[in-house]
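Notes follow once the structure below has been shown.
The values are calculated or read from the model by the stated rules, or taken from the named source; none is laboratory data. Just so we're clear, the structure is a prediction, and the values are computed from it rather than from any experiment. Using ideal geometry, Cβ is built from the backbone for each residue, glycine included, and neighbour counts are taken over all protein chains shown. Protein only, heavy atoms only, side chains kept; ligands, DNA and RNA dropped before computing areas. Shrake-Rupley method; radii C 1.70, N 1.55, O 1.52, S 1.80 Å.
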Amino acid sequence: MTSFERESHKPQHVPYPITSLISQPLIGSLVTIQTPVRLLESARMQRQMRFEHLVRHYLSQVLYGCKNQLCTTRTCLSCKMRLATTPFRAPTQLTARSLAHYLAIQDDPFADLCPYELNVDPSALMFSEENWEVRAKDATEKYEHRNVPERFSANSVSIQPSNQYFIAASKRQQSKKDVKSLTQNLYDTITVIYSYSKRIEDPLPVRSWIPNAVEEVRNFQDDESSSPSGDTSKPVASVLPNGHKVQRSPAKNTLHSVRTDDFETLDGSGNQHPVQRQDGASTSTEHVPVTSHLTCNIMAALKKDAYHPLEPCKDQLSFAFDYHENSRLPPPRPFANRSLFYSLSDPATLLKSFRDGDTPLSSSPLPHLDRLGLIEAFKGWDRRNGALIFDSLWLATEALFIPPPELDTRKNSTLRRVRISPSQNEGSTPSSYFTEQKSQSVEYLDDGDAAHVIMICIHALTSLVPRGRRDTWLHIRGLRSRGVLLPLTQPPDDYRHSWLHITDALEYEPAVRLADRLVRGIAARKCFSEILQTLSTMDSEASASGSPRFDLMDILVRHLQAVEIDWERWERDQSDNWQRPQSGLSWTVSSVFVEWLKTIILKKWDCKDEVNRWCSAGAAMEVMAGLYEHKGSLRLSEDMFYVSYINERIDPIQSPASFLVQSSNPNTRHLFEYEFLFEPRHLMAFFRAINYASMCKQYERAEYTQRLMIELDPVLRHSWSRRLATWRLTETWTHYLVLNIRREHALEDALNTLWGLQRRQLLKPLKVRLGEEEGGEMGQDYGGVSLEFFQIVLKDIFNPDNGMFTIDAESQKTWFQPASLEPLWKFEMVGILFSLAVYNGITLPANFPSAFYTRLLGQPVTEIDQIRDGWKQLAESFDHLLKFQGDVADVYMRSYIFDFEAFGQRVHVDMGAIGRDDLWPADYDGQTVEWNISTTWPDTLALPSLGSPAWERPKPRGSPKPGSSTRIGNGLSSTSDESGGTTLEADMVTNENREKYVSDYIFWLTDKSIRPQFSAFKKGFYTCLSPSALHLFTPPQLQHVIEGSQDFSLSKIKAGVRYENGYSETHPTVLDFWSIVEGYNNADRQRLIEFVTACDRLPVTFERLFTVFRVSGDTERLPTSSTCFARLVLPEYGSKEVLREKLGVALRYSRGFGNV
């Protein structure tokens, strides 16, 4: 049941000859405005009155203060005088005027209002109609009047009101004028003074000042249409109460009159306001007609009527400012503006609008919204009526901030008392005048209705932005992510205008204002949802698991997904040779909406690490996070979410440190929790800064301990005390973690050395001595020796013969061996080795699938795409199984089992019999009873042999009779034969259970079958690394951090090479070198990178890969390398063939450290 009724408007009979003056689609949807606040002119006048009263209120409190001597308002004169410690100087009129206007235009203009009774009533600052002077005498006696010209003096004859306004305003100007002062030239002008001092009548009784709607429409067509033939009547001049003259043209046909008492009058009083005609007769003013609601067709008709037919709107024109009456373009028709304001500013009417989709999106939760129709409906209105569309929608989004009834009924009464404002306590409510009266019809919107309103606002924002070309959007996204509006260099002529138009649209202030309130409204709905979920969790006394569900965001994402599918289909139909772009989309609804969110972040972020989730910047980040989770289906790439502007304005050391020590707060988030805002190289820099800070802390502690031992040396005179202190402080005063490793026993030495070390020792910088005891290698570890150490150790670890890991034959990806017989402490030590490498910034020669890194970050693996890179054939078979149209059981004949191979044996696990939380392998002998466990075996108990049925199914209960068939477990049946044996068979995969089968198989593959081994590895992996720091990365980014890149393209390698000692890019030897490398295959290039850097992978980020160093003279010398400094020593050979031969020999015999 929705908050608003959805029955369509019944068009009322409108007593005007307007049907002949508007487009055909508008005739059947006309109604009359019966509420004054729903009329555009009335709303604008009220808004102007509120702003002027707000300025006068600030002027009064700044100049004259309040009657409360204990006032604490910082902008009130009473507070400033009370807190003054030096002789106080009262502010001038100019200062107060500037400050009042500044405070009145803030996001929260009521924040600095004084809640107490003021010494001077703000209305006293208005011009008086009786004597044209300021009502408050105190407001003028303190200031010296300026000399007024003779023609404006009080003694002049025939004084006009406009002249008297000028005289009164001149008296408020500052006597001394500084022509170079921007403040005086702006806020000390007659125009500014008059703007807040003039008197505006109450706009609610609109009958007294708005002309008849028929006359208004006719006045715009007097020049383009002639009187009907045979009509000899002449226009009659009429005078309105406000003094304006209008021409009344009688209609051709006489329409039936309508009883005016059937409708509520516009001022709500029920009284008729007659319009006095020139002939003395009076006629009652009819109601103002508007369209009852909006559709895409009605919007198109209104757009067509909004311009004079002789001067059509030119699409190539784009304005960054509102319509002005002095412009050459004709004014928009009041009927169109009133109709737009009537429907777009009211949530109830907006919910009844735009439900005419000709091609509904069946996969969308909002199928009534037509994507193409809405884009065209909102396109180009900024050129016709300026900010009216965005200002009207801004009013409608007020409904998003209404809390749900369940939350309102559970408010704490104590909290309500606390939230009472000081003005209410004092009995005065000055701010109530400014607070816009909420209509009684504005109620809470359910998620479906809220999504309807939000999507209309999104379409209005995105339709404002021009399409542009794809390369234009690439440049604009790159610049705007860094906070740059326009480049320093002039863009090319072919897309300069498109560039400027897109930038102007994204900076259009009314649209930015709407986008800001829209994201805050979405965040408010999310806040309400989380509060309700927290309260329900407290009531049920259950712990909340995972992230709170936000149904509104799910609806928006699903609709945008359907919109993108429809948009791609439309693009494909428009082009014969259409191809899906690999990156950098041009204009789509989702991508442009992301640009609006980035605009809010750039404008509203306060440059602090901690962000309030419900403020403008935090709300935009929350919405972007929801879109980022579904970026693939929304056709959004990761680079569209980057905001490099943030990275340039945070401390690269303090910000990561504050991220680690932040406290949990449901209302705030650290910037690093929105990791999608940062480029991978920035995240890598933050991650290394965190590890480096920890490393430096341990190093400084060792330095402090050594200095302490030196100072205590005279005290520790006895040998036994010296030995005791040295023994106890050995682990503390060593600066490095040193590993002495033999090449032939690298894995054994590494495990023996790391076993039993404390965490504080592992956090020290790593140094490796490799092969010193065997061959006397002379390598000094400045990074290169450690790289080769991990190369050797991981080669032994990943050997399938060791029984810890297995390698897929097709993808060559490494995975844990299910049912491994190796002790769990070995897997934990392997995790520590990985942790040491990542902690010290070492790239590892690993090759795990993406599911491994997803599990490392604590995320579940549930989708087929998450296992595709590791088990390609398996993923394809699942795709075919789920898409198959026939009988799956009859064609595939697949059992409901998970199978794997271990040590030459094939094991078939019945997934229907062993549940996800059941003990596996099953306990046939009752060994685990005393351990009180139910999922995994403890490391102290020996696992059953692989030939045991405990690996395949649980222990049967009882012995069935021969020939009988009984149900043993979920999905497991047993059939007894004549000999008394029991044959157990799993269920078949059918059309009904195939989705569950795929889900269970993925669960067993990535979790259940390797849970003990992976848990032990993960425990060791987090030894040196902070879980919070690791969550800076997504699974693909973490994979690049650990494994590096295997893209050995020549352009990428050359981009990271530098030259020293006479070499350059144009040197003949260097040219020959790159010519030879260009002919290498991927394996040879990998061998070259390993020869120079001791690592066969490219790091995830690098500015310098290695340096080519020139050596002259000895041309018989082989090329050598210094892996610690990534330096290739390349002699200056005489010919290309000699270089090819020498380099090949060096790459083939490149093992070990020492002199060549």
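Of the residues PHE1048, PHE1125, which is of a type in the set (A, V, I, L, M, F, W, C) and open to solvent by 70 Å² or more (accessible area, probe 1.4 Å)?
So the residue among PHE1048, PHE1125 that is of a type in the set (A, V, I, L, M, F, W, C) and open to solvent by 70 Å² or more (accessible area, probe 1.4 Å) is PHE1125.
I'm trying to understand the selection: among the residues of region 1057-1108, which are under 27 Å from LEU683 (Cβ atoms) and open to solvent by 50 Å² or more (accessible area, probe 1.4 Å)?
If the condition is that a residue be under 27 Å from LEU683 (Cβ atoms) and open to solvent by 50 Å² or more (accessible area, probe 1.4 Å), then ARG1058, GLU1090, PHE1102, GLU1103, ARG1104 are the ones that fit.
Any residue in region 168-194 that's closer than 12 Å to THR92 by Cα and assigned to a loop (DSSP other than H, G, I, E, B): show its pairings with residues that are at pLDDT below 80 and not polar (S, T, N, Q) at Cβ separation under 8 Å, as long as the two are six or more apart or on different chains.
Every condition considered, the pairs that remain are ARG172/VAL134; ARG172/TYR143; GLN173/ARG146; SER175/TYR143; SER175/GLU144; SER175/ARG146; ASP188/LYS177.
Consider GLY904 carefully, then state whether it is over 30 Å from PRO1027 (Cβ atoms), modelled with pLDDT under 90, open to solvent by 40 Å² or more (accessible area, probe 1.4 Å) and of a type in the set (Gly, Ala, Ser).
yes
Among the residues of region 1075-1093, what is the count of those that are in contact with a strand residue (DSSP E or B) (Cβ under 6 Å, 6 or more places away or on another chain) and farther than 18 Å from GLU788 by Cβ?
Qualifying residue count, region 1075-1093: 0.
May I ask you to list the residues in region 809-823 that are hydrophobic (A, V, I, L, M, F, W, C) and at pLDDT 90 or above?
If the condition is that a residue be hydrophobic (A, V, I, L, M, F, W, C) and at pLDDT 90 or above, then TRP815, PHE816 are the ones that fit.
Search region 635-648 for residues that are within 9 Å of ARG482 (Cα to Cα) and among the polar types (S, T, N, Q) and pair each with any residue that is surrounded by 21 or more Cβ atoms within 10 Å (Cβ to Cβ) and at pLDDT below 90 when their beta-carbon atoms are under 8 Å apart and the residues are at least 6 apart or on different chains.
SER644/SER481
Looking only at residues in region 1128-1140 that are outside any loop (DSSP other than H, G, I, E, B) and open to solvent by 40 Å² or more (accessible area, probe 1.4 Å), which one is nearest to LEU1088 (Cα to Cα)?
Among those residues, the one meeting the criterion is ARG1140.
Answer yes or no: is there a residue in region 607-616 that is over 10 Å from the mean Cα position of the chain (by Cα), among the small types (Gly, Ala, Ser) and open to solvent by 60 Å² or more (accessible area, probe 1.4 Å).
no
Which one is farthest from LEU762 (Cα to Cα) among residues in region 1017-1034 that are outside any loop (DSSP other than H, G, I, E, B) and open to solvent by 20 Å² or more (accessible area, probe 1.4 Å)?
Only one residue fits best here, namely SER1028.
Taking interchain pairs and intrachain pairs at least six residues apart, which have beta carbon atoms under 8 angstrom, with the first residue in region 28-53 and under 30 Å from TYR194 (Cα atoms) and the second assigned to a helix (DSSP H, G or I) and open to solvent by 50 Å² or more (accessible area, probe 1.4 Å)?
If the second residue must be assigned to a helix (DSSP H, G or I) and open to solvent by 50 Å² or more (accessible area, probe 1.4 Å), the pairs left are ALA43/VAL37; GLN46/VAL37; ARG50/TYR433; HIS53/TYR433.
Return the residues of region 650-672 that are crowded, with 18+ Cβ neighbours inside 10 Å and part of a helix (DSSP H, G or I); say none if nothing qualifies.
Those that are crowded, with 18+ Cβ neighbours inside 10 Å and part of a helix (DSSP H, G or I): SER655, PRO656, PHE659, LEU671, PHE672.
List the number of the failed condition for LEU99; all other conditions in (1) over 25 Å from SER616 (Cβ atoms); (2) open to solvent by 50 Å² or more (accessible area, probe 1.4 Å); (3) in contact with a helix residue (DSSP H, G or I) (Cβ under 7 Å, 6 or more places away or on another chain) hold.
Every condition holds for LEU99 apart from (1).
I'd like to know if region 71-81 contains one or more residues that are buried (at least 18 other Cβ atoms within 10 Å of the Cβ), part of a helix (DSSP H, G or I) and in contact with a Leu (Cβ under 7 Å, 6 or more places away or on another chain).
Checked region 71-81: at least one residue is buried (at least 18 other Cβ atoms within 10 Å of the Cβ), part of a helix (DSSP H, G or I) and in contact with a Leu (Cβ under 7 Å, 6 or more places away or on another chain).
Could you please give the count of residues in region 41-52 that are open to solvent by 30 Å² or more (accessible area, probe 1.4 Å) and more than 36 Å from the chain's Cα centre (by Cα)?
Residues meeting the conditions: 3.
Given the criteria within 22 Å of GLU788 (Cα to Cα) and at pLDDT below 80, does VAL1156 qualify?
yes
Please go through region 289-307 and give me each residue that is open to solvent by 50 Å² or more (accessible area, probe 1.4 Å) and either modelled with pLDDT under 65 or closer than 21 Å to PRO466 by Cα (or both), ordered by number.
ALA300, LYS304
Consider PHE1014 carefully, then state whether it is part of a helix (DSSP H, G or I), within 28 Å of PHE898 (Cβ to Cβ) and open to solvent by less than 10 Å² (accessible area, probe 1.4 Å).
yes
Which residue is farthest from LEU118 (Cα to Cα), if the candidates are limited to region 41-70 and must be part of a loop (DSSP other than H, G, I, E, B) and polar (S, T, N, Q)?
Out of the qualifying residues, it is GLN69.
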